[in-house]
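Step one of this worksheet: look at the structure below.
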Amino acid sequence: MGPGRRLISSTALVAVLALSHAAPGAGQTERSLEERCRAEIVELHAFIERWSNAEEPKTDEAFRRFDRVLAPSFVLIDPNGAVIERQPIVDAVRDSHGRWRDSPGKIRIENFRLHQHNDGFALATYEEWHDLGRTAVGRLSSVLFGANADAPNGLDWLHLHEVWLPSDGRDP
């Protein structure tokens with residue numbers, strides 16, 4: 001982490017257990033849980049970036065990458081404290097196709113860390129930065145994954161909690 005940056009103290013994190021023995025998804029080679037968690041976070045955000053920039057076709061087949069990895073019980077606590085269930089998230093992302101088409105945006109993931117894993121669950125944190133023109137907006141995210149052998153990285157998103165980060169002072 002750069003100067004002036006710090007992780008939220010462990011007392012601010014929700015105590016949750018997480019996953020060590022989940023099988024990789026179909027067609028996946030044996031990779032560590034840490035590699036699969038990191039890959040899932042990066043790949044899903046890369047999809048959201050391509051979808052938002054209209055670099056993915058607006059088809060059910062293309063959107064399946066997003067839709068298939070959110071567990072039926074998925075819940076997001078957004079940076080403003082709203083609790084949002086799975087279907088409104090799926091609908092909002094589906095409807096956001098091309099929202100950055102005229103001014104392409106980038107999403108970068110930084111400071112990934114796997115915290116806990118046990119009995120089919122994994123808890124990780126990461127910073128998610130949206131680079132939109134001259135503005136970078138960041139969130140610190142905690143994600144709880146569950147094992148799902150049918151998912152691309154063998155993981156389903158069960159719970160996501162995001163908090164706003166202060167600007168890092170960099171140009172995107």
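Checking each residue in the stretch 131-155 for being closer than 28 Å to W100 by Cβ, more than 11 Å from the chain's Cα centre (by Cα), open to solvent by less than 30 Å² (accessible area, probe 1.4 Å) and in contact (Cβ under 8 Å) with a residue 40 or more places away in the chain picks out D131, A151, P152, N153, L155.
The criterion of at least 1 residues that are open to solvent by less than 40 Å² (accessible area, probe 1.4 Å) and of a type outside the set (V, I, T) is met, among strands (runs of 3 or more DSSP E) falling completely within the stretch 37-130, by 70-77, 106-118.
The values are calculated or read from the model by the stated rules, or taken from the named source; none is laboratory data. These numbers were taken from a predicted model, which means no experiment stands behind them. Because the Cβ atoms are built from the backbone with ideal geometry, glycine has one as well, and the counts that use them run over all protein chains shown. Side chains included, ligands, DNA and RNA excluded: accessible areas come from the protein's heavy atoms. Shrake-Rupley method; radii C 1.70, N 1.55, O 1.52, S 1.80 Å.
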